[in-house]
Amino acid sequence: MSGETAPSGKAGVGLRRDAIGLREVLFQSVTAMAPAAAVAASIPSGAGFAGGSLPLSVLIALVACLFTASSVAELARELPAAGSVSTYAAQGLHPTVGFLVGWGYVFVEALVPPLLLLQLGFTTAGTLHQEWSSYPADLWWPWSLLGAAIIAAAGWFGVRASARFGTVLGVFEVLVFLVFAVWLIGKAGGDNTWSVFGTSHTADGYEGITGVFAGSVYTVLAFAGFEAAAPLAEETRNPRTTMHRAVLGAALAIGVFYVVTTYAMTVYFGPDRFGEFGASGAASWEGVARASFGLFWVLVFLAVINSAIANANACANVSTRTAYALARIRVLPRFLAALHPKYRSPVAGIAVQTVVAVGAVLGLGFGYDPVTAFLLLATVIVTVVIGVYIVVNLACAGYFLRRRRESLKPVRHLLLPLLGIVAFVPALLTAAGLPVFDFVSELTAPVSYAGPVVGVWMAAGAVVLVVLLRRHPERIAETARVHLDEPSPTDLPQNGAVQR
């Protein structure tokens with residue numbers, strides 16, 4: 001194992017450069033959005049409000065998310081860095097903001113793998129129990145541990161192996177649901193209708209545009225992860241162009257995928273009774289597949305399981321690369337910047353990520369139950385990630401106003417970030433359970449602990465920030481550093497430290 005951390009473009013120093021291309025980084029974002037799991041479990045949460053008008057809600061959510069995707073893509077093109085959102089906030093707003101964004105982002109991205117491993121466990125155990133009653137429904141944890149081992153191995157062998165693994169998984173889950181959607185549209189026959197893109201089918205109590213808006217707020221959460229390509233910038237060929245295309249391409253492509261699949265199930269199931277559709281039971285994707293399409297439900301089940309593993313893999317890449325970037329400038333413990341001598345993967349970060357994942361899965365899963373643990377982690381993650389999106393929109397405007405005024409485009413760099421903030425504020429309030437809107441439910445314990453958990457973590461980050469500002473202010477300043485813009489390693493000292 002090597003502790004070398006100098007940011008170079010040469011082999012053997014720093015992360016492996018030019019290891020992956022557009023296809024791999026595109027699917028890094030695609031799999032981080034967990035399209036199959038989102039279609040089967042996340043998006044249906046909006047059906048209780050939008051009813052059979054849910055396709056319109058999804059379309060509105062797509063447009064709203066493209067505003068923020070545009071901001072991320074613009075900054076990813078200008079600032080290709082493993083620090084991604086941390087570097088964007090540091091450059092566009094202030095290095096202290098960049099540190100706090102990185103502090104929060106590393107934390108929640110490290111929690112995404114255990115979140116998905118819990119889903120992997122209870123989904124697999126529940127399905128096996130349903131098929132064979134002799135299998136214990138509560139024997140979920142071996143599947144979670146198996147998933148953790150797979151993800152750790154993929155990360156250990158470097159970004160090329162991990163990204164290609166994610167690409168294969170991503171293609172499978174998207175194809176399964178697209179084929180199923182086409183099948184549903186064909187079976188719907190004369191029931192196909194454009195009226196689902198209007199407001200006439202909303203759920204009882206949420207008539208008209210109110211129901212559509214409520215459904216879109218819950219649907220927005222399914223888009224989280226489109227920015228996940230950005231932390232792989234230093235390992236990507238032609239990163240300025242590739243990152244821009246990957247972030248926007250993933251958000252747009254998966255958004256269209258969400259619209260098509262939601263439309264297909266809505267017209268097949270029936271728009272006027274779609275308010276009862278959910279994530280489990282007869283009125284769900286797996287339930288419809290079981291009832292109407294024979295063994296095709298097995299492919300739907302496998303696609304959801306596949307989606308959980310792919311999402312966990314993508315977010316492990318995000319957390320370890322962001323931790324590496326912050327450890328490299330010594331605002332996180334420096335051992336997190338240790339790289340494998342052959343694969344140039346951040347092996348120390350991968351080891352820590354695996355320990356955190358297994359600890360959270362077993363600790364929370366047995367301390368409560370796997371479903372409750374899943375909901376608690378999901379609330380923590382979504383609250384912070386949406387907050388990060390809002391800050392990144394501000395950073396986009398700030399960066400082009402302060403540093404690239406000559407390249408400023410008012411619509412792209414000012415109006416779209418503003419619209420992105422407006423779109424995500426309701427989603428942030430909803431995720432946090434703050435009943436500003438009448439369709440938002442207050443969170444109950446232990447899910448309500450998510451707010452204090454986030455507060456404690458960010459307060460700890462503020463303390464670390466104050467200490468670093470007093471003792472090592474130059475380290476905070478380096479959160480704005482873009483290492484790809486620096487000279488080759490032949491011009492730098494090779495002692496594992498970056499000299500200023």
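Criterion first (open to solvent by less than 10 Å² (accessible area, probe 1.4 Å) and either out of contact with any Cys (no Cβ under 6 Å at 6 or more places or on another chain) or β-branched (V, I, T) (or both)) does A264 satisfy it? It is true that A264 is open to solvent by less than 10 Å² (accessible area, probe 1.4 Å) and either out of contact with any Cys (no Cβ under 6 Å at 6 or more places or on another chain) or β-branched (V, I, T) (or both).
Within segment 392-400, can one find any residue that is of a type in the set (F, W, Y), modelled with pLDDT under 90, part of a helix (DSSP H, G or I) and touching a Phe, Trp or Tyr at 6+ places or on another chain (Cβ under 8 Å)? Show your work before the answer.
Initially, segment 392-400 is screened for residues of a type in the set (F, W, Y), giving 399-400.
When the remaining residues are screened for being modelled with pLDDT under 90, the result is none.
Looking through segment 392-400, none of the residues is of a type in the set (F, W, Y), modelled with pLDDT under 90, part of a helix (DSSP H, G or I) and touching a Phe, Trp or Tyr at 6+ places or on another chain (Cβ under 8 Å).
Scanning segment 170-222 for residues that are open to solvent by less than 30 Å² (accessible area, probe 1.4 Å), of a type in the set (S, T, N, Q) and either outside any helix (DSSP H, G or I) or touching an Asp or Glu at 6+ places or on another chain (Cβ under 6 Å) (or both) turns up just one, T202. Among the residues of segment 352-410, the one identified as small (G, A, S), closer than 15 Å to V85 by Cα and within 16 Å of the chain's Cα centre (by Cα) is G387.
Looking only at segment 147-164, which residues are open to solvent by 20 Å² or more (accessible area, probe 1.4 Å) and in a helix (DSSP H, G or I)? Even if it seems obvious, please write down each step before you answer.
The first filter runs over segment 147-164 and keeps only residues open to solvent by 20 Å² or more (accessible area, probe 1.4 Å), leaving 149-150, 152-153, 156-157, 160-161, 164.
Scanning segment 147-164 gives A149, I150, A152, A153, W156, R160, A161, R164.
Candidates A69, A81: the one that is assigned to a helix (DSSP H, G or I) and touching a residue at least 24 places away in the same chain (Cβ under 8 Å) is A69.
Quick one: which residue in V436, V422 is more than 18 Å from the chain's Cα centre (by Cα), part of a helix (DSSP H, G or I) and surrounded by fewer than 15 Cβ atoms within 10 Å (Cβ to Cβ)? Break it down stepwise before answering.
Numbers: V436 fails: part of a helix (DSSP H, G or I).
Every option except V422 fails the conditions.
Contact annotation: no residue pair with Cβ atoms under 7 Å, 6 or more positions apart or on different chains, pairs a residue in segment 216-232 that is within 21 Å of L26 (Cβ to Cβ) and without any contact (Cβ under 8 Å) to a residue 60 or more places away in the chain with a partner that is outside any helix (DSSP H, G or I) and open to solvent by 10 Å² or more (accessible area, probe 1.4 Å). In segment 392-407, the residues that are on the phi > 0 side of the Ramachandran plot never reach a residue that is among the hydrophobic types (A, V, I, L, M, F, W, C) with C-beta atoms less than 8 angstrom apart, at least six apart or across chains. For segment 85-137, the candidate set comprises residues that are outside any loop (DSSP other than H, G, I, E, B) and aromatic (F, W, Y); within that set, the residue that is farthest from V371 (Cα to Cα) is Y88. Reported count of residues in segment 162-214, each being free of Cβ contacts under 8 Å to residues at least 24 places away in the same chain and charged (D, E, K, R), is 1.
Across segment 17-56, the number of residues qualifying as in contact with a Cys (Cβ under 9 Å, 6 or more places away or on another chain) and either under 26 Å from E276 (Cβ atoms) or open to solvent by 10 Å² or more (accessible area, probe 1.4 Å) (or both) comes to 0. If you go through segment 273-286 and keep only what is surrounded by fewer than 16 Cβ atoms within 10 Å (Cβ to Cβ) and of a type outside the set (S, T, Y), you end up with R273, E276, G281, A282. Looking at the structure I just gave you, is V300 aliphatic (A, V, I, L, M), within 22 Å of the chain's Cα centre (by Cα) and under 27 Å from A460 (Cβ atoms)? Criteria not met by V300.
For segment 301-321, state whether one or more residues are more than 16 Å from G225 (Cβ to Cβ), touching a helix residue (DSSP H, G or I) at 6+ places or on another chain (Cβ under 8 Å), open to solvent by 20 Å² or more (accessible area, probe 1.4 Å) and among the aromatic types (F, W, Y). Checking segment 301-321: at least one residue is more than 16 Å from G225 (Cβ to Cβ), touching a helix residue (DSSP H, G or I) at 6+ places or on another chain (Cβ under 8 Å), open to solvent by 20 Å² or more (accessible area, probe 1.4 Å) and among the aromatic types (F, W, Y). Residue selection: G365 satisfies the criterion of being open to solvent by less than 10 Å² (accessible area, probe 1.4 Å) and either part of a helix (DSSP H, G or I) or in contact with a His (Cβ under 9 Å, 6 or more places away or on another chain) (or both).
Can you confirm whether H244 is open to solvent by less than 50 Å² (accessible area, probe 1.4 Å), in contact with an Asp or Glu (Cβ under 7 Å, 6 or more places away or on another chain) and more than 22 Å from V422 (Cα to Cα)? No. Across segment 357-389, the number of residues qualifying as farther than 20 Å from A279 by Cβ and small (G, A, S) comes to 6. Scoring R330 on the criteria (1) at pLDDT 90 or above; (2) at negative phi leaves a single failure, condition (2). Just one residue in the set A253, A289, A229 is of a type in the set (G, A, S) and open to solvent by 10 Å² or more (accessible area, probe 1.4 Å); that residue is A253.
The values are calculated or read from the model by the stated rules, or taken from the named source; none is laboratory data. Owing to the predicted nature of the structure, the values given are computational and were not obtained by experimental measurement. All Cβ positions, even for glycine, are placed from backbone atoms using ideal geometry, and neighbour counts span all protein chains on display. For the accessible areas, the whole protein counts, side chains as well, though only heavy atoms, and no ligand, DNA or RNA atoms are used. Shrake-Rupley method; radii C 1.70, N 1.55, O 1.52, S 1.80 Å.
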